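The values are calculated or read from the model by the stated rules, or taken from the named source; none is laboratory data. All figures in this text were calculated on a predicted structure; none of them were measured in a lab. Using ideal geometry, Cβ is built from the backbone for each residue, glycine included, and neighbour counts are taken over all protein chains shown.
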Amino acid sequence: MLNWLESRTGFVSMAKDFLTEDIPGGASYWYVFGSATMFAMILQITTGIFLTFFYAPSAATAWESTRAIYLNPYTHFLLSLHYWGASAMIALVFLHLLQVLIWGAYKSPRELQWIVGVLLLVVTLVLGLTGYLLPWDMDAYFASQVSLNIAGLPPGGGILQSIAQGGGTMGTDTINRFFGLHVWLMPAALVLLVGAHLAIFRWNGPAGPVVDDPRKMRPGRFWPDQMFMDAVASFVVFLIIIALSFIAPPFLDAKADPTNASFVPYPAWYFLFLFGLLNFVPVLLQGSHIQFLVEQANAPWVELFAAIVVPTIGGLIVLLLPWLDRSTTRSFASRAGILWTTFVVIACIVGLSFYAQGTIQAKIAASGVTPQTEAQILAAPEAEAPAAAAASGASSPLAAQGAKVFAQNCSGCHGAQGMGQPGVAPPLVKNPFVTGDAKKVVDVIANGLHGQTVLGQTYGAPMPAWKSSLSKNDIAAVATFIRGGLPGNSAGPVKESDVP
Ligand code: HEC
């Protein structure tokens, strides 16, 4: 069997070749960070794929479908794994990079491997950022608004912001952009970069520990020792993720409400330091005693500087490190400068994170809003979803069926709750035409409409005719729903026999 496979594909010798890779100095638990990161990535891809089975990206369904995920214990666990897996992946990429940095393993000939690694960190952070928006709760909305506004800060950034946002305000288009980035573009980039990272790694071989004379190192093999250590490390990571998913599952806030401006957003922990920097620079300027700087503390350039210029320069320095650190040996003694700088930078990142945490908590306390508990949030808004509105308002099965027909065919133009969209379609709530003569409503749904509505507006595109795409029964159901099931409407039902 194996021989057959080998003769047809060469897979067996490829696997052998892969497993017998030399490891200078022998296997070590120091080398597990890369493979543990890869394990976290595979966990993210797997849980992420299954989450798309339950998640529906649009302003009318993102929060609702996330809520449904929370209400089912199995999907809730799946989401918790994905949530903690994200944190684990970011922490592991970071640790992996830090170790390479400390050991000087980015030095020639591994410059490109370092660059690909830094790009992988960036892609992972973008994945975290785009995933953060998807639940479309208060925090997702307002925290993402902060990042979108930052994208709009530099000259020409307005265009970038409106592309990412899908127009002037955040809504369904924003969710779809972020969703596309999160489930397609970034994972594809991630997998390609990991492939490149591993291929370059195989070409150069592992850097091995820092020793004066490489000839003194005892040789080792990937299989079985390193493979075993990698498996142990990944397993420990998995156990920690599972434990955290049980102990501290993520929290779903109330549905995004753009009008609630008093909400104080909190970023994901790995963005806290950037948030801290943004808050800290103005405070620093105010305390500087230099009159000019004190006056400038809240000027637009300060935000630009703290949110874009400093992080970009920082990122470029990290990216170009192999060329900036010119020492030819990897020994710690000759690299004291870079090691101390690394230490100071990390201390600053940790300090800024704590600082941000403090300012956010102070702001939340000052806003005086008592946060709702998750049980309240998950229990409350049944009546808001159209299907549920049908169940509470007009509780007939016909109206419930109509709610589904509406959600599938009409809500795209008339809005999830029939509140209409300026320039696209008129509101169906508080609309005397809709709750008036049932025969006329059925006629509009069946044959379409183009002209002035009862509310006095005209629209560029007509209301489509539905008689060829919906059954009589569906037309009666959706008419019943919009007349009696939308919030505030309470006109009588329409029977199938009323549809000509
Ligand atoms: C492509 C967008 C679009 C879709 C989809 C759509 N509508 Fe409309 N609808 C319109 C527009 C535009 C008008 C106003 C037409 C005009 O006056 O020119 C309208 C008008 C109406 C009216 C009359 C309102 C009034 O004040 O005169 C009703 C009732 C209505 N639609 C129900 C529905 C139902 C039920 C569905 C789903 C089966 C649906 N619409 C799907 C765009 C749409």
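Summary table below
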| quantity | calculated |
| --- | --- |
| Looking only at the stretch 392-412, and only at residues there that are surrounded by 15 or more Cβ atoms within 10 Å (Cβ to Cβ) and in a loop (DSSP other than H, G, I, E, B), the one that is modelled with the highest pLDDT | CYS410 |
| Residue count for the stretch 478-500, restricted to those that are within 11 Å of the ligand (Cβ to nearest atom), farther than 16 Å from ASN447 by Cα and in a helix (DSSP H, G or I) | 4 |
| Test for VAL441: is it near the ligand (Cβ under 7 Å from one of its atoms) and free of Cβ contacts under 8 Å to residues at least 60 places away in the same chain | yes |
| Residue count for the stretch 456-469, restricted to those that are in a loop (DSSP other than H, G, I, E, B), touching a residue at least 24 places away in the same chain (Cβ under 8 Å) and within 6 Å of the ligand (Cβ to nearest atom) | 3 |
| Sole exception among (1) surrounded by fewer than 18 Cβ atoms within 10 Å (Cβ to Cβ); (2) over 22 Å from LEU278 (Cβ atoms) for VAL123, by number | (1) |
| Members of the stretch 474-500 that are more than 38 Å from the chain's Cα centre (by Cα), among the polar types (S, T, N, Q) and surrounded by 14 or more Cβ atoms within 10 Å (Cβ to Cβ) | THR480 |
| Candidate set: the stretch 319-343, residues that are assigned to a loop (DSSP other than H, G, I, E, B) and hydrophobic (A, V, I, L, M, F, W, C); chosen: the one farthest from GLN99 (Cα to Cα) | LEU320 |
| Members of the stretch 413-438 found to be part of a loop (DSSP other than H, G, I, E, B), under 15 Å from GLY484 (Cβ atoms) and near the ligand (Cβ under 9 Å from one of its atoms), listed by number | GLY418, LEU428, ASN431 |
